[in-house]
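S.K.: This is the structure I want to talk about, given as structure tokens.
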Amino acid sequence: MNGGKATLGRTAGLYAGAAVLRLALFTLFPRLPDLLTGRVEISTPVTSFKRLQEGLFLYNHNVSPYDGGVYHQAPLLLPIFNLLPSFATFPIFTYLLYIAIDILSADALLRIAESGEAGSSARFTSPRRDKRWSGAVIAALFLFNPFTIATCIGRSTTVFTTCAILHAIANAISGRHFHAMVALSFASYLSMYPLLLLPPLVLLCYDRQKQPATGAPNAWIKFAATMVMDVVGALAVLFQMSFCLTGSWEFLSSTYGVQLTLSDLAPNIGLWWYFFVEMFDSFRSFFLAVFWLHLSSYVGGLSVRLRQQPLVVITLLLGIFSIFKPYPSIADASLFLGMVPLYRHVFPLLRYSFVIAAIIIYATFLAPAFYHLWIYAGSGNANFFYAITLVWGLGLSLLVCDLAFAVLRDEWEVERPEMVGKEIRQI
Amino acid sequence: MPRLLASALSLRRDPRLLKLPPYLSLLCIVVGVVWLFLLPLDDYSRRTYISENALLPGQVHTYFGGSDQNVFRAYKHETDELAGKGNIEVNDKLESIAKGLGLKVGRQNFTYSSAGNTHSGQNIYAILQAPRGDATEAIVLVAAWKNVKGEPNRSGVPLVLTLARYFKRWSLWSKDIIFLFTPDSIAGPQAWVDAYHDAHDSSRVASLPLKSGALQGAIALDYTRETRFQSVHIVYDGVNGQLPNLDLINSVNHVAGGQMGMGVAIQEMWKHSNSYHDRLQTMLRGMLKQGLGLASGPHSSFIPYHVDAVTLQPFGDGWQDEMAIGRVIEGTFRSLNNLLEHLHQSFFFYFLMQKERFVSIGTYLPSAMLVAANFTIMAIALWVKSGQPEVQKVITEKTETAEEAEKLALPNPHAAMERDLFLPLVLVAACQFAGVVPLYLFNHLSESALIPAFVLFTVLSAILPFLLSNLLHTSATSTTTQQYHLIRSFSLLLLGMFLSSLATLNFSLAFLVGVFSAPLTFVRPCPNSPILKWLSMAVLYILSPTTVVFVASVLPDLDEKVGCGLGEVLRQAAFAWDVTGTYTPVVVWCVWWPAWIVGVVSVLGRPGAGDGKVKNA
């Protein structure tokens, strides 16, 4: 698997293979898309394709798509899907759109991998960087990950966010700051939480500038301000367009408000819903604040601690979001798992790889079983499914911790060459 | 504390620790199996009790009887006339009777095809609207025209008609009562329940013309005999091993055994002395039925929809007459009528040992979980083992390169072999996906082709490991010990994972598959000892899925007759898959069979020298 540089033909073959596989799943198993769309592991209230259909129907009938409280997604998705031929008669165009988005995401990931940023950033060069997978392998691991495929077949709108985030990173690495910030704005516009990626992304842009920063002491402040202005500007344009489209600012509370206040408590694989189902209403706002504060508190700490490797910060944050965000789904996990192979060079430093793989696989199979026991068989209850979401969260958080450990150890061995191979002991 | 941690960490590298897992696995299996055999003892099983206070079984006086006897005779006369007539004619007659009683009547056509056969028919049902209810809840009384063995339900159908007439006169019902007559005992009820919940495939099963509220419970009557009987047999196994709420069985037991004074039997144990032996036999029969996951009566199709249901079968020669079973149904319906909410208090996972003794899931689940855990333990052990370099050997071989030697000479506890994951992953994944082939084959072939296909498949699956093993050796690089460890590790990990997931859905199936595949934990490549190799091969082939299916089909069944034969077993499996959605074939072909193939491949393995790079961590 340690192939050389990916040739164009090989990459094209890979994309074609992924597209054919998805198309085959769409067409050969016509009931599969609807089955997956209904799964809580794939479709959350803020990404569900079914809810998108509902919003689209209302939009087409000149009713505000947010009436009825079903649709919680960004308004600009509506004209995009409206441009496609009707889903009821020609579903193939929707399928092709989703396949294309997946391949665009994979292409961005390939560019990130080919840049070698994971192994040697501007301020840090790992001694192990030679051991890495080619971009094609990493793109293949993303494209053929069952979670990615299930997300694509389930037509969750998270794929657009995933694509935007990956393009933001890829553009930041290749030095196109403005593009990166616009892509990030799109991701934030669609799902809100990617806005938290702004600090590490700015750092990444700063490190990958074409001309290294001049001696001016406050050059970085100016740089960061420009970046922030870019994002604010892009978001302002997007909001203005949304306003023109829907005719009111209602969409803000219906999309971002739902994420902020967790008003839809449909079960998902995250850790929030159960907590807020059980909670007394008087504590609700306090804990909402605590949960959001917790989610955003990682940004600062990681950005500072891993200043030398901003891409690592982004990867770890994506992992943390996939555990702790209000409405996570396996799509978020697939994005994180897609980024992890970039760190092939620190894999030997991972301590729990087998345990993590076993936990994630166990949770993948037990979650549908327990959901079935709870909802359909009636012989289990909500605790069954919540227990499994805890296990799933444990698996992912172990991976986040272990990856952070491996990267830090890698840095540490550069700082203290005499400690190479020594065991770390907790005191 | 730090010292304790440190000593625990140093223990981690103790070479003796790696010798432990096979014994630990064996211990898990032994404890798991012994655990099961302890369950019938008084200390581990409990007496049944009614959890749902609203049920109040046996507390009401039942009035069915007297002149209803004459009504029953009249209806019996009418239905006897219909013997041998077609489904439609029968339904015409039933419809005229039900309409005469003032009930709303609906009909539903269904057609299923399975193994090249077509199973079609027409259900008819009548709804008694509750005088005190609002049509939001309903209970169902089912009488199939033929029972699961194909015998005509001679007394059951007229008795249900009599009960319909009787129930209609009462004003106390707070739930609608649906009387359902189906032409057969499995396809008909399945079609009706599917359509009732709008979960049917409308190309095969027609929608229902009228409906009532949410189903709260169902009782099916399988009453073929025309003479007096002694006891009543409660059949409660649902599709895929799901069981009705224990409260329902307890209620029927209370009414029949306590109030009516008739005997109650379960699991075809016509005589039960409440001894250890009888309890164990009852439990094992229950496990076998649950493991097969087949529908055992008209009630089975209701259970997947969370509608608690049982079938009542009168049996034995005694002095109880039709009115007695009628009163049992009346009493049970009065209890169900009392329900304020869906049955949920009592257990859904249990084994009955005797009509009044059971074990609940908390007591028996560890048994299957231990069996499943043994695979996971071994998988982890093999993973660890695959990462351990054979240090001595490597040092002596590679002292030429000074740098390497220096590195290796250092006491480096973190040294771990670079694992070559690609080949093991591909092999295990390929075997796992290959399981789709037999699954598709046995569920889509026509009946006549089933036996030849099974024979052909048995031969192929016996040869396949040899082919795979040869392929592993003719490939450019010989497969190393490490890769064999990894192959087994992944396969066992998957098996352990599937079985522990399955144990929560269908305990018995997980336990049975776990026990049959227990040898897979212990078999290993043994290139130096042909005796051990062929011994392992013999054990594996005796316990292969194909052999077990074949032997199970020729063994005598519970009624001490000859086995039903391979063709019948395959036909039934296909029917269960197509009609009731039994997933046992998936488990056999996509969980057990791939693990077995990988097991045989690893026995046949001739690992080459494991010579991987040593990496520093």
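S.K.: Pairs, please: C-beta under 8 Å, at least 6 apart or cross-chain, first residue under 17 Å from residue B:235 (Cβ atoms) and in the stretch B:265-289, second of a type outside the set (Asp, Glu) and surrounded by fewer than 16 Cβ atoms within 10 Å (Cβ to Cβ)?
M.R.: B:268/B:558; B:285/B:558
S.K.: More than 8 Å from chain B (Cβ to nearest Cβ) and buried (at least 21 other Cβ atoms within 10 Å of the Cβ): is that true of residue A:336 in this structure?
M.R.: The answer is yes for residue A:336.
S.K.: Against the conditions (1) within 14 Å of another protein chain (Cβ to nearest Cβ); (2) in a helix (DSSP H, G or I), where does residue B:439 fall short? Just the number, please.
M.R.: That leaves (1) as the condition not met.
Yes/no matrix, rows are residues, columns are (1) without any contact (Cβ under 8 Å) to a residue 24 or more places away in the chain; (2) assigned to a helix (DSSP H, G or I); (3) within 25 Å of residue A:372 (Cα to Cα):
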{"residue": "B:426", "(1), (2), (3)": "yes, yes, no"}
{"residue": "B:432", "(1), (2), (3)": "no, yes, yes"}
{"residue": "B:448", "(1), (2), (3)": "no, yes, no"}
{"residue": "B:452", "(1), (2), (3)": "yes, yes, no"}
{"residue": "B:484", "(1), (2), (3)": "no, yes, no"}
{"residue": "B:488", "(1), (2), (3)": "no, yes, no"}
{"residue": "B:498", "(1), (2), (3)": "no, yes, yes"}
{"residue": "B:509", "(1), (2), (3)": "no, yes, yes"}
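S.K.: Could you run through the stretch B:159-175 and say how many residues are aromatic (Phe, Trp, Tyr), touching a strand residue (DSSP E or B) at 6+ places or on another chain (Cβ under 9 Å) and not in a loop (DSSP other than H, G, I, E, B)?
M.R.: 1
S.K.: With the requirement that a residue be under 23 Å from residue B:164 (Cβ atoms) and touching a Leu at 6+ places or on another chain (Cβ under 8 Å), what does the stretch B:194-234 give you?
M.R.: Within the stretch B:194-234, B:195, B:196, B:216, B:217, B:218, B:219, B:220, B:221, B:222, B:223, B:232, B:234 meet the criteria.
S.K.: Test each condition in (1) within 14 Å of chain A (Cβ to nearest Cβ); (2) farther than 22 Å from residue B:378 by Cβ for residue B:503 and report the one that comes out false.
M.R.: (2)
S.K.: Hey, another quick one. For the stretch A:6-65, what are the residues that are in a loop (DSSP other than H, G, I, E, B) and more than 21 Å from residue A:162 (Cα to Cα)?
M.R.: A:6, A:7, A:29, A:30, A:31, A:61, A:62, A:63, A:64, A:65
S.K.: Which one is nearest to residue B:126 (Cα to Cα) among residues in the stretch B:194-217 that are hydroxyl-bearing (Ser, Thr, Tyr) and surrounded by fewer than 21 Cβ atoms within 10 Å (Cβ to Cβ)?
M.R.: Top of the filtered list is B:207.
S.K.: Quick one: would you say residue A:209 is at negative phi and touching an Asp or Glu at 6+ places or on another chain (Cβ under 9 Å)?
M.R.: In short, no.
S.K.: Okay, next question. Among (1) in contact with a Gly (Cβ under 9 Å, 6 or more places away or on another chain); (2) part of a helix (DSSP H, G or I); (3) more than 10 Å from chain A (Cβ to nearest Cβ), which single condition is residue B:376 missing?
M.R.: Looking at each condition in turn, residue B:376 falls short on (3).
S.K.: How many residues, within the stretch B:334-363, are more than 14 Å from chain A (Cβ to nearest Cβ) and closer than 23 Å to residue B:295 by Cα?
M.R.: 7
S.K.: Restricting to the stretch B:314-325, and then to whatever is in contact with a helix residue (DSSP H, G or I) (Cβ under 9 Å, 6 or more places away or on another chain) and surrounded by fewer than 23 Cβ atoms within 10 Å (Cβ to Cβ), can you tell me which residue is nearest to the other protein chains (Cβ to nearest Cβ)?
M.R.: Here the residue is B:324.
S.K.: Separate question: Within the stretch B:238-272, track down each residue that is surrounded by fewer than 23 Cβ atoms within 10 Å (Cβ to Cβ), at pLDDT below 90 and among the small types (Gly, Ala, Ser).
M.R.: Of everything in the stretch B:238-272, those that are surrounded by fewer than 23 Cβ atoms within 10 Å (Cβ to Cβ), at pLDDT below 90 and among the small types (Gly, Ala, Ser) turn out to be B:257, B:258, B:261, B:263.
S.K.: What are the pairs, 6+ residues apart or on separate chains, where a residue within the stretch B:90-105 that is assigned by TED's automatic domain parsing to the domain that holds residue B:140 and among the charged types (D, E, K, R) has its Cβ under 7 Å from a residue that is in a loop (DSSP other than H, G, I, E, B) and surrounded by fewer than 19 Cβ atoms within 10 Å (Cβ to Cβ)?
M.R.: Taking only residues 6 or more apart or on different chains, the pairs are B:93/B:82; B:104/B:210.
S.K.: Return the total of residues in the stretch A:394-403 being in contact (Cβ under 8 Å) with a residue 60 or more places away in the chain and surrounded by 19 or more Cβ atoms within 10 Å (Cβ to Cβ).
M.R.: 4
S.K.: Please state which one of B:428, B:455 is surrounded by 15 or more Cβ atoms within 10 Å (Cβ to Cβ), at pLDDT 90 or above and of a type in the set (A, V, I, L, M).
M.R.: None of the other options fit; the residue is B:428.
S.K.: Can you tell me which residue in the stretch A:67-105 is surrounded by the fewest Cβ atoms within 10 Å (Cβ to Cβ), limited to those that are under 29 Å from residue A:235 (Cβ atoms) and among the polar types (S, T, N, Q)?
M.R.: So the residue we want is A:82.
S.K.: Now a separate question. So, in the stretch B:201-219, of the ones that are under 25 Å from residue A:378 (Cβ atoms) and in a loop (DSSP other than H, G, I, E, B), which residue ends up modelled with the lowest pLDDT?
M.R.: Ranking the qualifying residues of the stretch B:201-219, first place goes to B:201.
S.K.: Mind listing whichever residues of the stretch A:351-380 are at the interface with another protein chain (Cβ under 9 Å from one of its Cβ atoms) and either touching a Pro at 6+ places or on another chain (Cβ under 6 Å) or over 29 Å from residue A:316 (Cβ atoms) (or both)?
M.R.: A:369, A:372, A:373, A:376, A:377, A:378, A:379, A:380 - these are the residues of the stretch A:351-380 that are at the interface with another protein chain (Cβ under 9 Å from one of its Cβ atoms) and either touching a Pro at 6+ places or on another chain (Cβ under 6 Å) or over 29 Å from residue A:316 (Cβ atoms) (or both).
S.K.: Do you know which of the residues in the stretch A:381-418 that are charged (D, E, K, R) and within 14 Å of another protein chain (Cβ to nearest Cβ) is farthest from residue A:346 (Cα to Cα)?
M.R.: The qualifying residue farthest from residue A:346 (Cα to Cα) is A:418.
S.K.: Also: Exactly one condition in (1) surrounded by fewer than 23 Cβ atoms within 10 Å (Cβ to Cβ); (2) closer than 30 Å to residue B:81 by Cβ is not met by residue B:220; state its number.
M.R.: Result: residue B:220 passes all but (1).
The values are calculated or read from the model by the stated rules, or taken from the named source; none is laboratory data. Because the structure is predicted, anything quoted here is derived from the model rather than measured. Cβ sites come from the backbone with ideal geometry, for glycine too, and all protein chains shown count toward neighbours.
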